[in-house]
Amino acid sequence: MNRVCVFCGSSSGEDARYLEAAAAFGDELLRRGLGLVYGGSRMGLMGRLAETMLEGDGEVIGVMPKALMNREVAHQGLTELRIVESMHERKATMVELGDAFVALPGGLGTLEEFLEVVTWAQLGFHRKPCGLLNIYDFYGPLADLLDHGTREGFIGRQHRDLVQIASDPARLMGLLAEYRPPELPRWIGRKET
């Protein structure tokens, strides 16, 4: 693992502890000598995470679509800022650059991006680890929903296990480092009988 792709809010949330937790996650990446791939904003949790990495001389690659350059206020001090044409290209680029995926607290975009990379793992598009940093139980309700979907037969146990969850950055990164992808049936390209 060389770089972690992080999805998180371009807002700070209502509680300053979220910003502190984003900085703590950046510190953990630095401690492990890992680079960061993220959405490229200087605002909110995204900005705090990037600043923490940059202050520690870490590699930070931002990926932002042209249409969001002004809206999300792109960070101009990154190791590299890649400007892409669309949100689809943004996600594809982030997935290509990242060796693991982590969601910190965020809004609808964060949820959509994270769940899409988990779905891609389910479909066999990649075998990279995916994790939720469950800061102050932010992702507790999502974990409950995933467990409920598993109990109800809509999410296979092996697919539920694609999502690692921990409340501590070091613990989560340990889970991701130890992750061994399950052998899953390949959904795309298999012959139907």
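Values in this text are rule-based calculations from the coordinates and carry no lab data. For clarity, every value in this text was computed on a predicted model and none was experimentally measured. Neighbour counts run over all protein chains shown; Cβ positions are idealised from the backbone, glycine included.
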In the stretch 3-178, taking the dipole from +1 charges on Lys and Arg beta carbons and -1 charges on Asp and Glu beta carbons about the Cα centre, the listed residue (37, 173, 13) farthest towards the positive end is 37
Karplus-derived 3J(HN,Hα) from phi for the stretch 93-107 (6.51 cos²θ - 1.76 cosθ + 1.60, θ = phi - 60°), whole Hz, x at Gly and Pro, runs 5, 4, 5, 5, 7, x, 9, 7, 10, 9, 10, 8, x, x, x
Measuring from its Cα centre, the chain shows a charge dipole (+1 at each Lys and Arg Cβ, -1 at each Asp and Glu Cβ) which, in debye to the nearest 20, is 580
Fewest-first ordering of 163, 60 by Cβ atoms within 10 Å yields 163, 60
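How big is the antiparallel share of DSSP beta bridges in the stretch 3-178, given as a percent to the nearest 5?
5
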Spelling it out for residue 63: with amide H atoms placed in the peptide plane at 1.01 Å from N, the residues 5 or more places away or on another chain with amide H under 5 Å from its amide H are 38, 39, 40, 82
Spelling it out for residue 35: with amide H atoms placed in the peptide plane at 1.01 Å from N, the residues 5 or more places away or on another chain with amide H under 5 Å from its amide H are 3, 4
For residue 165, other-chain or 5+-apart residues with amide H closer than 5 Å (H placed, Pro excluded) are 132
With -39,500 (n - 2.57) per DSSP H segment of 4 or more residues and division by the full residue count of the chain, the 222 nm estimate, nearest 500 deg cm²/dmol, is -12500 deg cm²/dmol
